[in-house]
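Data block below; observations after.
The values are calculated or read from the model by the stated rules, or taken from the named source; none is laboratory data. It should be emphasised that the depicted structure is a prediction, and the values quoted were computed from it without experimental measurement. We place every Cβ from the backbone using ideal geometry, glycine too, and count neighbours over all the protein chains shown.
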Amino acid sequence: MSRPCFLVIDREFPGSISTRKLVLETAKFNVITAYSGREGLETMRRFPGIDGVVMDGDVEDIPSDELMQSFKSLAPETPVIVICPPSGFYPNADLRVDSFQPGLLLEALRGLRSKEAKEIINHEEKINREEHG
């Protein structure tokens with residue numbers, strides 16, 4: 001089974017890890033985390049085979065639209081999903097997801113890689129059946 005891998009660019013908070021990373025890993029996606037736009041670009045250069053970029057719309061070190069354009073110049077086919085408040089406007093994003101709806105983020109990522117997402121769900125169901133009966 002091939003698990004999709006997403007680059008998550010999140011703002012860093014003292015003493016914590018990305019909650020988006022936890023949400024995506026709980027859904028059995030692989031996640032590489034960066035805590036700034038610059039780190040995200042460097043990470044994408046090191047790991048060009050990622051399935052998508054999930055970025056906080058409020059990344060502070062590089063303006064969001066400039067950052068999205070940079071990702072597109074590195075990997076034009078890789079979707080960029082921006083997490084932002086409902087009023088956020090990001091014309092260079094492939095998808096925009098409300099920052100307060102982690103379920104919508106999972107739904108969007110599963111839609112990008114639907115075959116792999118179905119395999120993960122089927123695998124989880126198989127494991128549950130084996131454990132419980």
> Given the conditions (1) farther than 17 Å from Leu7 by Cβ; (2) assigned to a helix (DSSP H, G or I); (3) at pLDDT 85 or above, which single one is not true for Glu124?
Replying inline: (3)
> Which members of segment 57-76 meet the condition of being within 13 Å of Ala34 (Cβ to Cβ), surrounded by 20 or more Cβ atoms within 10 Å (Cβ to Cβ) and modelled with pLDDT of 90 or more?
Replying inline: Leu67, Phe71
>> Residues that are among the polar types (S, T, N, Q), out of contact with any Asp or Glu (no Cβ under 8 Å at 6 or more places or on another chain), surrounded by fewer than 15 Cβ atoms within 10 Å (Cβ to Cβ) and closer than 15 Å to Phe29 by Cα: does segment 106-125 have at least one?
In response: yes
>> I'm trying to understand the selection: among the residues of segment 77-93, which are without any contact (Cβ under 8 Å) to a residue 40 or more places away in the chain, crowded, with 17+ Cβ neighbours inside 10 Å and within 17 Å of Arg20 (Cβ to Cβ)?
In response: Pro79, Val80, Ile81, Val82, Cys84, Tyr90, Ala93
> Among the residues of segment 29-45, is any crowded, with 17+ Cβ neighbours inside 10 Å, out of contact with any helix residue (DSSP H, G or I) (no Cβ under 8 Å at 6 or more places or on another chain) and under 17 Å from Gln101 (Cα atoms)?
Replying inline: no
> Which numbered condition trips up Leu22, out of (1) under 22 Å from Glu77 (Cβ atoms); (2) more than 10 Å from the chain's Cα centre (by Cα)?
Replying inline: (1)
